[in-house]
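Report on one structure; see the data block that follows.
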Amino acid sequence: SSSPHPNRSQQMAPPLPEPGSSWIKGNEPFLCLNISQDCTICMEPLGGPSGYKGPGVGPVSRAESVGRLAQCGHQYHFQCLVAMYNNGNKDGSLQCPTCKTIYGVKTGNQPAGKMEYHVIPHSLPGHPDCKTIRIIYNIPPGIQGPEHPNPGKPFTARGFPRHCYLPDSEKGRKVLRLLLVAWDRRLIFSVGTSSTTGESDTVIWNEVHHKTEFGSNLTGHGFPDPGHLDNVLEELRAQGITEDDALMEK
Ligand SMILES: [Zn+2]
Ligand SMILES: [Zn+2]
């Protein structure tokens, strides 16, 4: 609400929901039973005030209020949850620091562009029984917005269109469905510093690994790689994207 240290993305950022919302349950009678626990954000007892003293929190009126995350039930000082949210990416989501359950819908800062895909009649090494899905990402260079590291400054976009490959198997198609959700939520790419070239203010991959090599594996980004699809599903889950999301958006 009234952070003394606003960050650049604040104008786009939704505030953390109040206690009693669908994410965070407020103080409830049964909390008295568990109040001897420590808050694992500030390591102070939940029965006392929040130990958080840094930037990113508003007035201290709720200092002793405990928030219970609705789905997983883990409890923290409400003020600690607010501080964690305000000091993070403020991306519209909150991740429980104990069990990693994600609340809300996490969105990224991927620049505008296009994602297309089609099936090509060739097999990938390690997937001899099916054809191949080719995904084509295209993002043009542009000017950084308020959600990017250097608003108003140009960013470059190297190597586009980028071609990526998945086996056209049941699991490969599932990964594709979830990648389409990730694209809509602007989570496939980001703007930042390339870990391979060191160039700053450029379009970079964001946490979800893609296979960019077809028919060989010279770069380590090709096939065969038996664990690849499961790894990608895990990376998507870490972004808050599961099969439920794909079904909901259809
Ligand atoms: Zn706390
Ligand atoms: Zn939890």
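Here is how the numbers come out for the structure above:
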{"item": "In segment 187-196, residue nearest to Gly108 (Cα to Cα) [restricted to those that are in a loop (DSSP other than H, G, I, E, B) and modelled with pLDDT of 95 or more]", "result": "Leu187"}
{"item": "Residue match in segment 131-151 (condition: open to solvent by 20 Å² or more (accessible area, probe 1.4 Å), under 27 Å from Ser169 (Cβ atoms), away from ligand 1 (no atom under 16 Å from the Cβ) and part of a loop (DSSP other than H, G, I, E, B))", "result": "yes"}
{"item": "Residue within segment 78-98 that is in contact with a strand residue (DSSP E or B) (Cβ under 9 Å, 6 or more places away or on another chain), open to solvent by less than 20 Å² (accessible area, probe 1.4 Å), under 27 Å from Ile188 (Cα atoms) and more than 16 Å from ligand 1 (Cβ to nearest atom) present", "result": "yes"}
{"item": "Candidates Ala246, Ala182, Ala238 - the one that is small (Gly, Ala, Ser), within 21 Å of Lys106 (Cβ to Cβ) and open to solvent by 50 Å² or more (accessible area, probe 1.4 Å)", "result": "Ala238"}
{"item": "Qualifying position, being within 19 Å of Thr219 (Cβ to Cβ), without any contact (Cβ under 8 Å) to a residue 40 or more places away in the chain and among the β-branched types (Val, Ile, Thr), among Ile135, Ile143, Ile204", "result": "Ile204"}
{"item": "Which listed residue, of Leu124, Leu69, is at negative phi and either within 16 Å of ligand 2 (Cβ to nearest atom) or open to solvent by 20 Å² or more (accessible area, probe 1.4 Å) (or both)", "result": "Leu69"}
{"item": "Number of the exception - His210 against (1) part of a loop (DSSP other than H, G, I, E, B); (2) over 21 Å from the mean Cα position of the chain (by Cα)", "result": "(2)"}
{"item": "Some residue of segment 156-174 being within 16 Å of ligand 1 (Cβ to nearest atom), part of a helix (DSSP H, G or I) and either open to solvent by less than 30 Å² (accessible area, probe 1.4 Å) or farther than 30 Å from Phe223 by Cα (or both)", "result": "no"}
{"item": "Gln110 more than 19 Å from Ser190 (Cβ to Cβ) and either touching a residue at least 24 places away in the same chain (Cβ under 8 Å) or open to solvent by less than 60 Å² (accessible area, probe 1.4 Å) (or both)", "result": "no"}
{"item": "Residue in segment 218-231 that is within 20 Å of Tyr165 (Cβ to Cβ), aliphatic (A, V, I, L, M) and either part of a helix (DSSP H, G or I) or open to solvent by less than 40 Å² (accessible area, probe 1.4 Å) (or both) present", "result": "yes"}
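The values are calculated or read from the model by the stated rules, or taken from the named source; none is laboratory data. In this text, all values refer to a predicted model and were calculated from it rather than measured experimentally. Positions of Cβ are generated from backbone atoms using ideal geometry, with glycine treated the same way; all protein chains shown enter the neighbour counts. Keep in mind that these areas ignore ligands, DNA and RNA; they rest on the heavy atoms of the full protein, side chains included. Shrake-Rupley method; radii C 1.70, N 1.55, O 1.52, S 1.80 Å.
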